[in-house]
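The structure under discussion is supplied below as C-alpha cells; questions concerning it will follow.
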Amino acid sequence: MTISVRLPDDSVRELQDGSTGADLAGGIGPRLLEASLAIKIDGQMKDLNTPLADGVQVSLVTSKDPDSLDVIRHSTAHLLAQAVKRLFPDARVGIGPVIEDGFYYDFQVEKFFTPEDLLTIEAEMRKVAEEGHLVVREELSRDGAVERFRAMGEQLKVELVSDIPADQIISGYRQGDFYDLCRGPHVPNTNKLKAFKLLHVAAAYWKGDEKNAQLCRIYGTAFNTQKELEEHLKRLEEAKARDHRKLGRELGLFSFHPEAPASPFFHPKGAIVYNQLVDFMREHYRAEGYSEVITPQALDVSMWKTSGHYDKYKENMYFTEVEEREYALKPMNCPTHCLIYGAGKHSYRDLPIRYADFGRLHRYERSGVTQGLTRVRTFCQDDAHIYCAPEQMKPEMASFFAFIMDVYHTFGFEEVRVVLSTRPEKRIGSDELWDQAENALAEGMRDAGMTFTISPGDGAFYGPKIEFQVLDALKRPWQLGTLQVDYFLPERFGLRYTRADNTEGTPVMLHRAILGSLERFMGILIEHCAGAFPVWLAPVQLTVLPITDRVQGYATEIRDKAHALGLRVEVDLRNEKVNAKIRDAQMQKVPYMLVVGDREATEGTVSVRHRQQGDLGGQSLDAFFTQILEEVKTRAR
C-alpha cells in the first residue's frame, strides 16, 4: 500500500505506507537525508522519523530553514542535561527551553556550577554528540510518566508531569542513557549537534516562584555552523562592552541600591540625559497638539476596580492603606486621564483631546526578572491618551505613525518592525468590540502602507495593540512604542461627548507611547550608541583642556561663554599632561575637546578634537560655537 505526500513545489511523491520523513529524504537523495534535521507536516514541525499520512503537505527542514535553529537549540539543551547527569549524577533536572539566541537548562544541585565546571560540561557535551546517539521519541500516559521519573529520582519532572491533565498523552525523548520529558521535535541523532557554547550560570526559582527552591540555570547557545556561532559570540562580546549597566557606572549616569530594589538613582549626568529626553518629547507634543497633565500617584482601589486593573493586574501593583481606605500606586496613567476627561463636558468640536503625562509609575516585577534600566519597578513613560470620535481614529493613527517614525529616526533607529498583538485570554469586553478594535488597527496600518506581523494573544486586557520594535546597532530588536484602541475604559468610566446632531456618543480612547519607559529607553539608547550620546543629549558636550597653568584664565573664559550659549561644558584644571586629559575625556565619551595653549590664548582660537574623528585642527572660538550650536539645534547624530 502506498501514500502520497505533497512537496513545497506542489509535486507529489509516492511512498510506502508507514514511511517517515527520513524515508522521504533518503528517497530523494543521501545528501538531503544527511542535511535534514526535522520535517514540517501541514506546517507543523515534527521529528524527522515521524510517520507520514496520506495527502499531507511536507517540507524537509535543513540548516537553510530559519526554524531549524529552534530544533538545534532544543536538542542541545537536552545534550547539556545529559552531560550534566553523566558528570554530576546527583543533579536533578528541571526545564530546558529555547530562548531568544539560545537556550538554558535548570538544575537542582547542592553547589552551583562554576565557570570551570562549564568548560568540563561543554567538553562532555561534545563527547556525547560525537557518540552519535539516536534520539527516539516515546509516548506515555501521565501515570506511566510519573512512575518513570519517580523511579529515576527526578522529582522536579514528577511535579511537571503531575500538572498535566490525566487524559493527555505525554512524550519524552531517549538518547543513549538519558531520558527527558519533552514535546519535541529534536534532531534525529546527537551527531547533528556541532556548533554550541555554554555561556554563563545564573540563579532561578523553580517555576519562576520565589517561594520555591532556587535552581542553577546554565545558559548556552547553538547554531547550525561554527562560523555562525563565532559571529554570534563576537556580537556578544560587543554587547558586553556596550552593556548599559557597565557604561552607566563608568559614565556616572545612574546607580542601584538595596534600599530601593530595581529602582534606579539617576546621578547629575544621568538626570541631564533623562530630562533632555523629556524636553524632546514635550517639544514634539506642543507641535502635535498634546496637553500635558499631572495626576496623583496613589488612588483608591475603587477606581482600579472600575478600570479592571484590580481584577486583571493586581499581582503587579503596590497597595497601601490610609484611614481605613485601600489605595494603590498607579501602574499606568489611563484611568486617571479618564477621570480628567470625565470632569468636564465635551462636544465633537473639542475632539480629539490628547492628554500627555510624565507621571511616575510603579509595577511589581519579581526580583529574578529585573535587569538594569530595562526592567525596573519604578519608571516614567512618555505616556499619552487620545480621546476621539470613531471617525477620527484613522487620521489620528496616521498622524501618530508619522510622529513615531520621526522620533525613532532622530535617535538613529532606522529599522523598525511593527507587530499587531491581538486579544489575550484574560480580557474584558465582547468579541464584537475586539473584532472592531483589531480591524481598526489593521486597517489603519494598511492605509499608512505599513508592513506588519500578527502576534496572537499578546494584546492588553482592555484592547489590542500595535507594537513598534527598533533594531539597535547590533541588530537586536527592542519593543518600544505602542498604540492601543480601547472601547472599554471610556464605557466603564461613563465618558461621553455631544455629537453634531446633539446626541451623546462614547469616545474611543487611543493609548499610545513612543519611547515607552524612559528608563528602559535610556538603557537601550546607551547600548545603541555605546554611551557616546549625540551632542544634543551628551551630559557634557565639550570639555576645555588647558595645556599649562598660564592659560587657565582663557580656559575658564571659554567655559563661561559656552555656558552663556546654553552648552554643557567642563574645564579640566588638573595638574595632568594634556594627553592624559584627552584620554580621560575620551573615556567619558565627551563629544568635543578644546585644547588651549599659549598660542590659542593669544589668537583667541581653540584646537578642536572630536571623540571619533580625532584632531580637527585650529578654529576660531566663534566658528566652533556656531558649529556645535547647529548640531544641538538640528539634533545631529
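The values are calculated or read from the model by the stated rules, or taken from the named source; none is laboratory data. Since this is a predicted model, take the numbers as computed values, not measurements. We place every Cβ from the backbone using ideal geometry, glycine too, and count neighbours over all the protein chains shown. To get the accessible areas, we keep the full protein, side chains included, count just its heavy atoms, and leave off ligands, DNA and RNA. Shrake-Rupley method; radii C 1.70, N 1.55, O 1.52, S 1.80 Å.
Out of the residues in the range 521-551 that are open to solvent by less than 20 Å² (accessible area, probe 1.4 Å) and more than 30 Å from the chain's Cα centre (by Cα), which is nearest to ALA636 (Cα to Cα)?
Once the filter is applied, the top-ranked residue is LEU542.
Let me ask something additional. Being open to solvent by less than 40 Å² (accessible area, probe 1.4 Å) and modelled with pLDDT under 95 narrows it down to one of ALA222, ALA166, ALA213, ALA202, so name that one.
Details: ALA222 fails: modelled with pLDDT under 95; ALA166 fails: open to solvent by less than 40 Å² (accessible area, probe 1.4 Å); ALA213 fails: open to solvent by less than 40 Å² (accessible area, probe 1.4 Å).
Unique residue meeting the criteria: ALA202.
To continue, here is another question. ILE121 passes all but one of (1) open to solvent by less than 70 Å² (accessible area, probe 1.4 Å); (2) assigned to a helix (DSSP H, G or I); (3) at pLDDT below 95; which number fails?
For ILE121, the exception is condition (3).
Going by the structure shown, is ILE72 open to solvent by 10 Å² or more (accessible area, probe 1.4 Å), among the β-branched types (Val, Ile, Thr) and either assigned to a loop (DSSP other than H, G, I, E, B) or under 17 Å from LEU229 (Cα atoms) (or both)? I'd like the intermediate steps shown before the answer.
Numbers: open to solvent by 10 Å² or more (accessible area, probe 1.4 Å): no; among the β-branched types (Val, Ile, Thr): yes; either assigned to a loop (DSSP other than H, G, I, E, B) or under 17 Å from LEU229 (Cα atoms) (or both): yes.
Considered against the rule, which asks whether it is open to solvent by 10 Å² or more (accessible area, probe 1.4 Å), among the β-branched types (Val, Ile, Thr) and either assigned to a loop (DSSP other than H, G, I, E, B) or under 17 Å from LEU229 (Cα atoms) (or both), ILE72 comes out as no.
Considering only the range 596-610, how many residues are under 19 Å from PHE533 (Cβ atoms) and either modelled with pLDDT under 95 or open to solvent by less than 30 Å² (accessible area, probe 1.4 Å) (or both)?
Residues of the range 596-610 that are under 19 Å from PHE533 (Cβ atoms), as a first pass: 608-610.
Now restrict to residues that are either modelled with pLDDT under 95 or open to solvent by less than 30 Å² (accessible area, probe 1.4 Å) (or both): 608, 610.
So the answer is 2.
Related question: Are there any pairs, at least 6 apart or on different chains, whose C-beta atoms fall under 7 Å, with the first in the range 272-301 and part of a loop (DSSP other than H, G, I, E, B) and the second at pLDDT 95 or above and open to solvent by 70 Å² or more (accessible area, probe 1.4 Å), and if so, which?
GLN297/ARG360
What's the number of the only condition in (1) charged (D, E, K, R); (2) more than 30 Å from PRO258 (Cα to Cα); (3) assigned to a loop (DSSP other than H, G, I, E, B) that LYS305 fails to meet?
Only one criterion in (1) charged (D, E, K, R); (2) more than 30 Å from PRO258 (Cα to Cα); (3) assigned to a loop (DSSP other than H, G, I, E, B) is unmet by LYS305, namely (3).
Still on this structure, please answer the following. Could you tell me which numbered condition MET509 fails, if it satisfies all but one of (1) within 32 Å of the chain's Cα centre (by Cα); (2) of a type outside the set (D, E, K, R); (3) not in a strand (DSSP E or B)?
MET509 satisfies every listed condition except (3).
Okay, next question. I want to confirm something. Restricting to the range 348-362 and keeping residues that are in a loop (DSSP other than H, G, I, E, B) and closer than 25 Å to TYR313 by Cβ, which single residue is least open to solvent (accessible area, probe 1.4 Å)?
Applying the first criterion (in a loop (DSSP other than H, G, I, E, B)) to the range 348-362 yields 348-352, 358-359.
With the extra rule that they be closer than 25 Å to TYR313 by Cβ, the set shrinks to 358-359.
Working: PHE358: 33, GLY359: 13 Å².
By that ranking, first place goes to GLY359.
Going through LYS345, LYS269 one at a time, which residue ends up being outside any strand (DSSP E or B), at pLDDT 95 or above and open to solvent by 60 Å² or more (accessible area, probe 1.4 Å)? Can you show your working first?
Values: LYS269 fails: open to solvent by 60 Å² or more (accessible area, probe 1.4 Å).
Going through LYS345, LYS269 in turn, the sole match is LYS345.
Please enumerate the residues belonging to the range 410-454 that are closer than 18 Å to ARG512 by Cα and within 19 Å of the chain's Cα centre (by Cα).
Those that are closer than 18 Å to ARG512 by Cα and within 19 Å of the chain's Cα centre (by Cα): VAL416, ARG417, VAL418, VAL419, LEU420, SER421, THR422, PHE452.
Does LEU233 satisfy being in a helix (DSSP H, G or I), surrounded by 12 or more Cβ atoms within 10 Å (Cβ to Cβ) and without any contact (Cβ under 8 Å) to a residue 40 or more places away in the chain? Show your work before the answer.
Details: in a helix (DSSP H, G or I): yes; surrounded by 12 or more Cβ atoms within 10 Å (Cβ to Cβ): yes; without any contact (Cβ under 8 Å) to a residue 40 or more places away in the chain: yes.
In short, yes.
Which one is farthest from the chain's Cα centre (by Cα) among residues in the range 66-79 that are farther than 13 Å from ILE99 by Cβ and touching a residue at least 24 places away in the same chain (Cβ under 8 Å)?
Initial filter on the range 66-79 (farther than 13 Å from ILE99 by Cβ): 66-68, 71-72, 75, 78-79.
Retained after the next criterion (residues that are touching a residue at least 24 places away in the same chain (Cβ under 8 Å)): 67-68, 71-72, 75, 78-79.
Details: ASP67: 21, SER68: 23, VAL71: 23, ILE72: 23, SER75: 25, HIS78: 26, LEU79: 28 Å.
If we take residues in the range 66-79 being farther than 13 Å from ILE99 by Cβ and touching a residue at least 24 places away in the same chain (Cβ under 8 Å), then LEU79 is farthest from the chain's Cα centre (by Cα).
Same structure again: Restricting to the range 500-520, give me the number of residues that are out of contact with any Cys (no Cβ under 9 Å at 6 or more places or on another chain), open to solvent by less than 10 Å² (accessible area, probe 1.4 Å) and aliphatic (A, V, I, L, M). Show your work before the answer.
Start the filter on the range 500-520 by keeping residues that are out of contact with any Cys (no Cβ under 9 Å at 6 or more places or on another chain), which leaves 500-506, 512-516, 520.
Keeping just the survivors that are open to solvent by less than 10 Å² (accessible area, probe 1.4 Å) gives 505, 512-516.
Among the residues that remain, those that are also aliphatic (A, V, I, L, M) are: 513-515.
Residues meeting the conditions: 3.
Please enumerate the residues belonging to the range 562-600 that are assigned to a helix (DSSP H, G or I), touching a residue at least 24 places away in the same chain (Cβ under 8 Å) and out of contact with any strand residue (DSSP E or B) (no Cβ under 9 Å at 6 or more places or on another chain). Let's see the steps before the verdict.
Our first condition is that a residue be assigned to a helix (DSSP H, G or I); within the range 562-600, this holds for 562-564, 578-587, 598-600.
Adding the requirement that they be touching a residue at least 24 places away in the same chain (Cβ under 8 Å) leaves 562, 578, 581-582, 585-587, 598, 600.
Result: MET587, ASP598.
For every residue, the table says whether it meets (1) of a type in the set (Asp, Glu); (2) touching a residue at least 24 places away in the same chain (Cβ under 8 Å).
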| residue | (1), (2) |
| --- | --- |
| GLU100 | yes, no |
| ILE121 | no, yes |
| VAL161 | no, no |
| PRO188 | no, yes |
| LYS192 | no, yes |
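With the condition kept exactly as written, say whether any residue in the range 273-280 is within 28 Å of TYR497 (Cα to Cα) and over 24 Å from the mean Cα position of the chain (by Cα).
Step one: of the range 273-280, the residues within 28 Å of TYR497 (Cα to Cα) are none.
Scanning the range 273-280, I find no residue that is within 28 Å of TYR497 (Cα to Cα) and over 24 Å from the mean Cα position of the chain (by Cα), so the answer is no.
Is one or more of the residues making up the range 177-195 β-branched (Val, Ile, Thr), modelled with pLDDT under 95 and either more than 30 Å from GLU519 (Cβ to Cβ) or open to solvent by 40 Å² or more (accessible area, probe 1.4 Å) (or both)? It would help to see each step written out before you state the result.
Looking only at the range 177-195, we keep the residues that are β-branched (Val, Ile, Thr), and these are 187, 190.
Keeping just the survivors that are modelled with pLDDT under 95 gives none.
Scanning the range 177-195, I find no residue that is β-branched (Val, Ile, Thr), modelled with pLDDT under 95 and either more than 30 Å from GLU519 (Cβ to Cβ) or open to solvent by 40 Å² or more (accessible area, probe 1.4 Å) (or both), so the answer is no.
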